[in-house]
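Inspection log for the structure reproduced underneath, given as structure tokens.
The values are calculated or read from the model by the stated rules, or taken from the named source; none is laboratory data. For clarity, every value in this text was computed on a predicted model and none was experimentally measured. Cβ sites come from the backbone with ideal geometry, for glycine too, and all protein chains shown count toward neighbours.
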Amino acid sequence: MKSIVSMLATAAFLASPLAAQSADPVAKVEAQQARTERVAQQLWEWAELGYLEERSSGLMMEELAAEGFEITAGIAEIPTAFVAEWGESGPVIAILAEMDALPGINQSASSTRDPIDGKHAGQACGHNLFGAGSLTAAIAVKQWLEATGTPGRIRLYGTPAEEGGSGKVYMTRAGLFDDVDIAIHWHADDENSAAARTSLANRSAKFRFTGISAHAAGAPERGRSALDGVEAMNMMANMMHEHIPQQARMHYVITSGGNAPNVVPDFAEVFYYVRHPKPEGVEAIWTRLEDAARGAALGTGTQVEWEVIHGNNPLLVNETLAKVMDAKLRQIGGVEYTEEERAWAEEIQKSLGNAAKPLESAAEVQPYNKSLGYGSTDVGDVSWATPTVGVRTATWVPGTSAHSWQAVAASGHSIGHKGTQVAAKAMALMAVELFTNEGLRQAARAEFDQSRGPDYEYRSLLGDRAPPLDYRK
């Protein structure tokens, strides 16, 4: 128990201009700008794939440990997942941090197409910025808690393999968010918005066909082509597109189709995604896709089996929190370009064609609304475990699509770094509001409980499988 003298001294200090500056979370984010950019650039250069983010995860843990966070590594049976926590009592506010890159695409930080020789992945979804910005926000909030003496625990969750690996689903399934009061996340984008945008549920699997190899010309009758099985399945799936709900999505890539035309392939694999606004919608389409696989195997004389790789629930939006985050984002404002950045962005826009938007929109905050987003994210599962709020900032040139070379370029450029600063400041302000506003926490929880319903039980779309730690190898 603090003495009266101590309490009065603390109150006097907090009322002083020096205290106001030292307790300003935005100033604490700004003071870390050099570190934010260094970490973001390092994650961009490494561009490590899902569940293989050893160096990226290690760097983030080192930075947090140096700031006094207690680190728990290797959580939920995932070597690169971790929790970093500071504080001993009070509300628990979590900040999520992603780090993985995408395979098959890379680009320098040039404004024209410039693949980097020998590099097989790139930060095409801006997760290098996500990780660095979240790390900065968590440290700024920790410093604010320490400076003000406010009770509370700040946690940074290092969440691997968002891109098709569902790292957060395994963490949710393990109960790691059960004691969290509120979770905060953000994402790279081509605009600034805190709109209450939900996402599509999705599930993926690798369908593996096995046949009989033979000489394609000398003994074709002896062969049974696994590739025929894949192609027959794809043909039926493509016909299904006409007969699934308008808001559903289904797409695939053939990951193995044989090695030589004169050899009947005895193995082929196709990797499918199915998306729908509701989990039950995904499952209904999925049943039909499995039937198509069985029919394709039967018709081609092959055998098929499949492995579910990942599955995400849709985001459960919380408008109580989203409207407050929108206010915090507007307090910060958007991204202002220098003359050099504008020239670089104008060059990027030449490659965007009709998708390009006015560069001035990077400095704007989009109107608040509630909408459906057509992407999918494993943040969705977190949002069903605890009230969750997010923000998106203009880290990419307006008009840029995620998963593009233009996104890779901007994620390694000062434009991306500026958007990261905006996100870190907005998250830090939101966390401070949540630590000091019990009524907001209670209102968010009430909306959360009502949205889930009284009989809600968590169920993941990937079943009870273990994390697919080798899915990117």
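General observations
- Subset of region 108-145 [of a type in the set (Gly, Ala, Ser), more than 28 Å from residue 376 (Cα to Cα) and either within 23 Å of the chain's Cα centre (by Cα) or surrounded by 24 or more Cβ atoms within 10 Å (Cβ to Cβ) (or both)]: 140
- Between 159, 148, the distinction of being under 22 Å from residue 79 (Cβ atoms) and either under 17 Å from the mean Cα position of the chain (by Cα) or assigned by TED's automatic domain parsing to the domain that holds residue 419 (or both) belongs to 159 only.
- Elements of the type strands (runs of 3 or more DSSP E) sitting completely within region 162-233 and holding at least 1 residues that are surrounded by 23 or more Cβ atoms within 10 Å (Cβ to Cβ), on the phi < 0 side of the Ramachandran plot and under 15 Å from the mean Cα position of the chain (by Cα): these cover 182-189, 201-210.
- Test: residue in region 251-267 that is in the same structural domain as residue 302 (by TED's automatic domain parsing), in a strand (DSSP E or B) and in contact with a His (Cβ under 9 Å, 6 or more places away or on another chain): yes
- Candidates 173, 208, 203, filtered to the one that is among the basic types (Lys, Arg), closer than 30 Å to residue 307 by Cβ and touching a helix residue (DSSP H, G or I) at 6+ places or on another chain (Cβ under 6 Å): 203
- Test: residue in region 93-106 that is touching a helix residue (DSSP H, G or I) at 6+ places or on another chain (Cβ under 6 Å) and over 19 Å from residue 47 (Cα atoms): yes
- When we screen 71, 78 for residues that are of a type outside the set (D, E, K, R), within 28 Å of residue 471 (Cα to Cα), in contact with a Leu (Cβ under 8 Å, 6 or more places away or on another chain) and free of Cβ contacts under 8 Å to residues at least 24 places away in the same chain, the only hit is 71.
- Enumeration of residues in region 417-444 that are among the charged types (D, E, K, R) and closer than 17 Å to residue 95 by Cα: 425, 433, 441
- Counting only helices (runs of 4 or more DSSP H) that sit wholly inside region 272-391, those with at least 2 residues that are on the phi < 0 side of the Ramachandran plot, crowded, with 16+ Cβ neighbours inside 10 Å and not assigned by TED's automatic domain parsing to the domain that holds residue 253 are 319-332, 339-350, 379-383.
- In region 39-75, the residues that are crowded, with 22+ Cβ neighbours inside 10 Å and among the β-branched types (Val, Ile, Thr): 39
- Here the condition is being modelled with pLDDT of 95 or more, touching a Phe, Trp or Tyr at 6+ places or on another chain (Cβ under 9 Å), more than 30 Å from residue 252 (Cβ to Cβ) and among the aromatic types (Phe, Trp, Tyr); of 368, 337, it holds for 337 alone.
- Only one of 280, 221 that is under 20 Å from residue 378 (Cβ atoms) and free of Cβ contacts under 8 Å to residues at least 24 places away in the same chain: 280
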